[in-house]
Amino acid sequence: MKFSAADHRYMARAIQLARLGLYTTDPNPRVGCVLVRDGEIVGEGWHRKAGEPHAERLAIAAAGEKARGATAYVTLEPCCHHGRTPPCTEGLLEAGVRRVVAAMEDPNPLVAGKGLAQLAEQGVEADWGLLQEEAEALNPGFIKRMQTGRPWVRCKLAMSLDGRTAMASGESVWITGEDARRDVQRLRARSSAVVTGIGTVLADDPSMNVRLSPEDLPGVESANYFRQPWRVVLDSSLRIPETAKLLSLDGPVCILHSHGDKAKAARLAQGGIHLECMADGLDLPLVMDFLAGREINEVLIEAGPTLAGAALQAGIIDELIIYMAPHLMGHQARGLFHLPGLDRMADRIELNIQDIRPVGKDYRITAAPAGE
Ligand code: AOF
Ligand code: ZN
């Protein structure tokens, strides 16, 4: 066995630390580091924000001279490139760290195994693969973007126990209770972008912002670290009312369109809205490519049945997050997805349910399209 029980314990602590970056490290990964010497934790660190020091550098600074001869437990392979900050490999070598255990390799092609190789060349005992699954779960978006050029996409929906989302009239607000709505706020807060369709904007005039304060978000130490996710509207013909609520709130907004009133586009752009014209139409995979190109790691789609159905059929969804409220809305109410072309049992879309748990009086179901 390459790793001892103590190794597991310290890496578990590093993962706990990394998790504190859940809401702030974007577009960087969440990373934690623990330095241990003679069975004692001598330094800890976690990456807070792009441009600020990496987890290893903070742990080394906390340990001071005690870093000499220590083992570093890091949830991601130490970087060996000059990005916004200098390479962690150099920092670890200068500090005299003797052994480095990484939970996983860094999928960033600038690193990708080279960080650990460099350390090993310099005589540091370097291993990886401890609690790898847990470490990967910290950064689904960063890993997917680095490996495929696409963001990690969640689609959030709320429904009644009979699978309905809105009354036939369109009336739909507050299907779920307060706890579920807070849970959605946290989902938004960890996302790099929240995406919706123009149909939802016209029908509901949603805010799509995070309304939690820093104190409600673990690891967000001050308002300085708080950031709103991008609000992205898919609006082919630029029908968005200039008075739409989501345009006036704090935080970056992007409207993706393919045609529409040029004067209106100019006015919106002048108001600080980012407009992106995709002349060939808003093909969903291309939209996701575009977002990944803007360093968007995790996308949350919050939309009506048309966009949700189209996203599912386009194969861009990694996770469905469905809140189920304990009431019935009846057969005239609207369903979750528009899925044209499903005629036979053989056409069904298979899902794997990965998690189901109560959230207040509702349930939250996490499912992934099967065969991904
Ligand atoms: C680490 N420790 O805590 C993090 C790492 O622009 P920079 O300098 O912040 O570099 C960003 C890249 O560094 C990022 O894409 C990823 O490959 C790695 N992140 N590496 O050793 C850390 N956050
Ligand atoms: Zn680094």
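Label separation (Asn224 vs Thr306): 4.5 nm, computed from points 7 Å beyond Cα along the C-beta direction. With everything on Cα atoms, drop me the angle between helix 5-19 and the longest principal axis of the chain, reported from 0 to 90° to the nearest 10. Roughly 40 degrees, rounded to the nearest 10. In plain terms, the chain from Arg84 to Gln354 could stretch by 93.6 nm, reckoned as 0.36 nm per residue minus the Cα-Cα distance.
Here region 5-138 is assigned +1 on the Cβ of each Lys and Arg and -1 on the Cβ of each Asp and Glu. Its dipole about the Cα centre then comes out at about 360 debye. For the chain, the alpha carbon convex hull comes to 159 Å³ per residue, rounded to a whole number. The order of Lys262, Lys114, going from fewest to most other C-beta atoms within 10 Å of their C-beta, is Lys262, Lys114.
For Val253, nonlocal amide neighbours, meaning residues 5 or more places apart or on other chains whose placed amide H falls under 5 Å from its own, are Arg231, His274.
In this structure the amide hydrogen of Leu320, modeled in the peptide plane, comes within under 5 Å of the amide hydrogens of Cys155, Ala367, Ala368, none closer than 5 places in sequence on its chain. In the chain, a dipole from Cβ-located charges (positive for Lys and Arg, negative for Asp and Glu) runs towards its positive end, and of Ala63, Pro241, Thr89 it is Pro241 whose Cα lies farthest in that direction.
Here the residues Cys80, Cys88, Cys155, ranked from fewest to most Cβ neighbours within 10 Å of their Cβ, fall in the order Cys80, Cys155, Cys88.
For region 260-273, backbone phi angles converted through the Karplus equation (6.51, -1.76, 1.60; θ = phi - 60°) give residue-by-residue couplings of x, 3, 5, 5, 5, 4, 5, 5, 4, 4, 5, x, x, 7 Hz, Gly and Pro being listed as x. Measuring between their Cα centroids, region 90-153 and region 1-80 lie 12 Å from each other.
In a simple Cβ point-charge model (Lys, Arg +1; Asp, Glu -1; nothing else charged), region 143-369 has a dipole of about 100 debye relative to its Cα centre.
In region 299-354, a dipole from Cβ-located charges (positive for Lys and Arg, negative for Asp and Glu) runs towards its positive end, and of Ala346, Ala310, Leu328 it is Leu328 whose Cα lies farthest in that direction.
Counting only residues at least eight positions apart within a chain, or on another chain, the lysines with an alpha carbon under 23 Å from that of Lys361 are Lys156. Per the Debye formula with a single identical scatterer at each Cα and no solvent contribution, what log10 I(q)/I(0) holds for region 5-138 at q = 0.09, 0.18 Å⁻¹? Here log10 of I(q) over I(0) equals -0.20, -0.87.
If you wrap region 136-279 in the convex hull of its Cα atoms and look at it from every side, the mean projected area works out to 11.1 nm². Extension gain, Ala137-Ala50: 0.36 nm per intervening residue step, less the Cα-Cα distance, totals 29.4 nm. Quick check: net charge around Ala55, other residues with Cβ under 10 Å of its Cβ, Lys/Arg +1 and Asp/Glu -1? That sum, taken over residues with Cβ under 10 Å, equals +1. Backbone phi angles across region 181-198, fed through the Karplus curve with coefficients 6.51, -1.76 and 1.60 (θ = phi - 60°), yield HN-Hα couplings of 5, 5, 4, 5, 4, 5, 4, 4, 4, 7, 7, 7, 8, 10, 10, 9, x, 5 Hz in residue order; Gly and Pro are listed as x. Beta bridges per DSSP, both residues in the chain: antiparallel share near 40 percent. The long axis of helix 284-293 is offset from the longest Cα principal axis of the chain by roughly 40 degrees. Taking amide hydrogens as placed 1.01 Å from N in the peptide plane, the amide H of Ala126 sits under 5 Å from those of Val100, each at least 5 positions away in sequence or on another chain.
Only the coordinates and a few stated rules stand behind these numbers; no lab work does. Please read all numbers here as calculations on a predicted model, not as lab measurements. All Cβ positions, even for glycine, are placed from backbone atoms using ideal geometry, and neighbour counts span all protein chains on display.
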